[in-house]
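Here's the structure, in structure tokens; my notes come after.
What follows draws every value from the coordinates through simple rules; no lab data is involved. Just so we're clear, the structure is a prediction, and the values are computed from it rather than from any experiment. Quick reminder, even Gly has a Cβ in these numbers, built from the backbone with ideal geometry, and neighbours come from all protein chains shown.
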Amino acid sequence: MDKRPIGMFDSGVGGLTVLKEFRKKLPNEKIIYLGDTKRFPYGSKSKEAILEISKKCVDFLISKNVKMIIIACGTATSQALDSLINSYDIPILGIINPTVEYISNLNLEKPRVGVIATSGTIKSGAWEKKILEKIPEAKVINEKAPLLATMAETGWTSNKVAEYTIKEYMKCFKDIDILILGCTHYPMFENLIHKNLEKNVKVLNTGTILAQYTKKIIETKKMENIETSGQFEIYLTDIEADTDFLNIAEQFLGEKNINIKEANF
Ligand code: DGL
């Protein structure tokens, strides 16, 4: 047993979609969530900047004595995961490998896989590379959606602007079997996304898959916490940032009186 918390980071509210799934699948684990609001958005930054930022986030979480790090962010996973794994001893997981493994286990014949993500993630080609490594006969359709993370930060996930924007972004996904929500902010638009796709398209929330994957790892390595129950702590790098973080978090997680602390780096 390992009673230390799990550390998780993203640029803002996006990773809360991962946190929510972890609380369902790993209800005894304590989680320390870091929202790097000072450096939002990640999606338009260079690979070098993302790597530097990710290291700072990992160092902060390690200073909180976490037992493992979850990169609750597609952009940081696509551009920094491999390098972080080489630089730190602590287990570090991202959203791409577990999701690709999940798709591969579905054993679909010539799956047509849509990927919607930030500009940085799409530019990195990380999803396409991993998918084709595991499933060479797959067809991958990529679409960057730079507006969505900002809209999610302001809570615009179901209004008219969101309806119109999602409709536009879904236009290129007419002929797919699976849609990967490759940015963790996007599950906040899940209802609208479903509405604009054929009924048979499987929409993947990477947080759900990552939580299941982490549960297996934690159990195999006997790292689970069996004593406490589902507490979490939230840190933001800029509490004053122009984001509706607290309201969105309370609404999305269904919790009242969430206490937010400042992470100074
Ligand atoms: N939620 C993040 C991702 O999964 C970051 C979005 C952003 O900051 O641009 O890519």
Limited to region 165-179, what total is found for residues that are among the acidic types (Asp, Glu) and assigned to a helix (DSSP H, G or I)?
1
Taking region 131-151 and keeping residues of a type in the set (D, E, K, R) and surrounded by fewer than 19 Cβ atoms within 10 Å (Cβ to Cβ) leaves Glu133, Lys134, Glu137, Lys139, Glu143
Among the candidates Ala76, Ala80, Ala49, Ala117, single out the residue that is surrounded by fewer than 24 Cβ atoms within 10 Å (Cβ to Cβ) and within 14 Å of the ligand (Cβ to nearest atom).
Ala49
When only residues in region 60-73 that are in contact (Cβ under 8 Å) with a residue 40 or more places away in the chain and part of a helix (DSSP H, G or I) count, which is surrounded by the fewest Cβ atoms within 10 Å (Cβ to Cβ)?
Ile62
I want to confirm something. Restricting to region 145-171 and keeping residues that are in contact with a strand residue (DSSP E or B) (Cβ under 9 Å, 6 or more places away or on another chain) and touching a residue at least 40 places away in the same chain (Cβ under 8 Å), which single residue is farthest from the ligand (Cβ to nearest atom)?
Tyr169
Restricting to region 180-204, name every residue that is more than 15 Å from the ligand (Cβ to nearest atom) and either outside any helix (DSSP H, G or I) or surrounded by fewer than 16 Cβ atoms within 10 Å (Cβ to Cβ) (or both).
Asn191, His194, Lys195, Asn196, Leu197, Glu198, Lys199, Asn200, Val201, Lys202, Val203
